[in-house]
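Trainee: Next up is a structure, given as structure tokens.
The values are calculated or read from the model by the stated rules, or taken from the named source; none is laboratory data. Note that this is a predicted model, so its numbers are computed, not measured. Note that we place each Cβ from the backbone using ideal geometry, even for glycine, and neighbour counts take in every protein chain shown. Accessible surface areas use protein heavy atoms only, side chains included; no ligands, DNA or RNA. Shrake-Rupley method; radii C 1.70, N 1.55, O 1.52, S 1.80 Å.
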Amino acid sequence: MASENEEERTGVNIDEAEAAEATAQASIAEAKECLPPSHVVMDLLSIGVCSRCIMRFFGVRGHVSYSEEESKIVVEDGVKEEKDLNSYDSFQMELESFCCICLGVLQFSYSEGKDVLVKRDNVSEFALAVAETVKNEGYEIDSFSLEISVPPIILANEHAIWLYMKRKYGSELWFQDKLQNGHISLKEALKFSITNSLESLLGAKHEASSFHIRLTYTHSNVSLGITDSQKTDQDHKRRKTGAEDNYYTVASNGRECAENSNGEASAVVDGLQDSEHLKSPPEKVKEPCCLTRHCNRTPVYIGGRYLKYSRNVSQTRWIIDDERKGEASVEEIIGNTVLPLSQGDSYKFHAAGREDIDVRMLGSGRPFLLEVQNARRDPLKVSMEEIEEKINNSEVKLVRVRNVKVVGIEGWNLMREGETEKQKQYAALVWISRPLEDEDLKTISSVKDMQISQRTPVRVLHRRSPLDRERSIHWMKIERIVGSTQYILLHLCTQAGTYIKEFVHGDLGRTKPSIGSILGCRAEILQLDVTDVKMDCFN
């Protein structure tokens, strides 16, 4: 039985290999059909155009055609009719210059810093170098998107070659027919060349992803191939419009988009409808593009609710004149726990509102969002239970978290949308200048959706604009404190953004009405707790 299973698996592997070989042969045959006559291929090689640029110029598509061996087969077969493969080989060997269109990009030759020239022998070696960049950073991924940035001069070089062929071969029958196949962009061709190898090396799928591999090519001679008169025209136009040089990129779906504006890259060749402004064909170059490899993950959002039990802990880190205020901050307690677990570069802390350093946050907690930048670990593999346990079981019980979870960008939107509509409940320890009476209890408890006006409090005037704000007090009630007639516990529910301390004491008449004005006496707040933040967010 075991031998039968082995034979069956072997048969399946043979079938798969045969199918793959058949697919490769079909792709090669299709690619050959796209190429122009052999004398044109030889001509393009002679002026310094590389094999892959020839293929993409005439619309050859597919990963197979751009792999190392197949690309050589396609172009070699394209010149067989000339019976001049020796000449073809001589072009490949004697050319010390790089492709006059792609500047070495599709030859996998590039520089890394000053005077460091890298020539990869094949596609696999180049893909391996890219994959090592990812692995050396320690990323956990199951998918990736590949982004490529190239100098806009490459677009001008392509146009110059098109003008060269039009001038030389425009009258030949094949010219219009072959160019109808559609031009393949350099970026798309590079992706055809390396994505299969990258998928295999990384064990990840190339698709729309939160993890990005970015290859940025630059070239010192950005004006290569453009005559001095055209450079002068472009410089004049740039000064007139205020535009700046930039590079255009292709996202993982292959669509081209500009980093700063859609028209800037193509502006390099605007108006080049004849050859007077272009060196056609472009001059051969001795220096390839400079390549930088960079990878990063888009921000990971971890949401939840926090409770703060200390009256000496600020919400965010608070340092004035190099002196820390308070013993810690909610931001640091949560962020410094999450960051090493996610292996990110940094974090940003966001919360639905804030409480003062001397105010406790109780009840169900306040919604928060931690934005982790460039996390190396897969967010779905980071244990939220471990985060909660580390924070909640710390020796000093300053902060507690609950309902911690990984959320998308929609978590941010949900928190921001609910912030302006939320209601907040408080419990305040208040002293009044006269004994509390039963009528006071009725007066306070009768308040329903009372409108108050608050001018920016004196205590925050140094950092807030002087404005009058209308706020709602939804309800209030007083709880007596046993053994005291002048100390009371005030419970209230208010609209978000209400200054509670000022609502109690009146802030020198800047808040109207206030507890003091309602009761007709002086009122001072001694302690304040937030007991609930009513939001449909991270419950």
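Trainee: How big is D, in µm² s⁻¹, for the range 462-539 by Stokes-Einstein at 20 °C and 1.002 mPa s if Rh is the Kirkwood radius over C-alpha pairs?
Mentor: Value of D from the Cα-based Kirkwood radius: 150 µm²/s.
Trainee: Considering the options Gly182, Ser149, Ile194, tell which one lies farthest towards the positive end of the dipole of the range 145-200, charges being +1 on Lys and Arg and -1 on Asp and Glu at the Cβ, about the Cα centre.
Mentor: Gly182
Trainee: Hey, another quick one. How much net charge surrounds Pro435 when only the other residues with a Cβ under 15 Å from the Cβ of Pro435 are counted, with Lys and Arg +1 and Asp and Glu -1? Before the final figure, lay out the partial values.
Mentor: Working: positive: Arg434, Arg480, Arg522; negative: Glu437, Asp438, Glu439, Asp440.
Neighbour charge sum, excluding Pro435 itself: -1.
Trainee: Ok, one more. For the range 299-420, evaluate the Debye formula with one uniform point scatterer on each Cα (no solvent term) and list log10 I(q)/I(0) at q = 0.13 Å⁻¹, rounded to two decimals.
Mentor: Treating every Cα as an identical point scatterer, log10 I(q)/I(0) equals -0.49.
Trainee: In the range 383-446, what trypsin sites (Lys or Arg not before Pro) fall in a loop by DSSP, with at most 14 other Cβ atoms inside 10 Å? Walk me through the intermediate numbers first.
Mentor: Working: sites: Lys390, Lys397, Arg400, Arg402, Lys405, Arg416, Lys422, Lys424, Lys442; in loops: Lys397, Lys422.
When the trypsin sites (Lys or Arg not before Pro) of the range 383-446 are filtered for loop state and at most 14 Cβ neighbours within 10 Å, Lys397 remain.
Trainee: Could you list, bin by bin from short to long, the percent of Cα-Cα pairs of the range 372-504 in 5 Å steps?
Mentor: Once binned at 5 Å, the Cα pair distances of the range 372-504 give 2, 8, 12, 13, 13, 13, 12, 11, 8, 5, 2, 1, 0.
Trainee: Right, here's the next one. Which peptide among 105-111, 446-452 comes first, and what is the full order, when sorted by highest mean count of other Cβ atoms within 10 Å? List each step's numbers first, then the result.
Mentor: Details: 105-111: 22.9, 446-452: 12.7.
Taking the mean over residues of other Cβ atoms within 10 Å, the ranking is 105-111, 446-452.
Trainee: Hey, got a sec? Which GluC sites (Glu not before Pro) in the range 377-450 land in a DSSP loop and have at most 12 other Cβ atoms within 10 Å? Walk me through the intermediate numbers first.
Mentor: Values: sites: Glu385, Glu386, Glu388, Glu389, Glu395, Glu410, Glu417, Glu419, Glu421, Glu437, Glu439; in loops: Glu395, Glu437.
Qualifying residues, ordered by number: Glu395, Glu437.
Trainee: Given the Cα-Cα distance of Ser220 and Asn312 and 0.36 nm per residue of separation, how much length would full extension add, in nm? Please list the in-between numbers first.
Mentor: Numbers: separation 92, 0.36 × 92 = 33.12 nm, distance 5.62 nm.
Taking Ser220 through Asn312 to full extension adds about 27.5 nm, to one decimal.
Trainee: On the accessible surface of the range 423-533, probed at 1.4 Å, how many percent belong to carbon and sulfur atoms? Walk me through the intermediate numbers first.
Mentor: On the way: 2790 of 5510 Å².
Percent of accessible area from carbon and sulfur atoms in the range 423-533: 51.
Trainee: All other residues with a Cβ under 15 Å from the Cβ of Arg480 taken together, and with Lys, Arg as +1 and Asp, Glu as -1, what is their net charge?
Mentor: Values: positive: Arg434, Lys442, Lys477; negative: Glu437, Asp438, Glu439, Asp440, Glu479.
Net charge in that neighbourhood comes out at -2.
Trainee: Please work out the Cα center distance from the range 190-214 to the range 345-395, rounded to the nearest Å.
Mentor: Computed from Cα coordinates, the inter-centre distance equals 32 Å.
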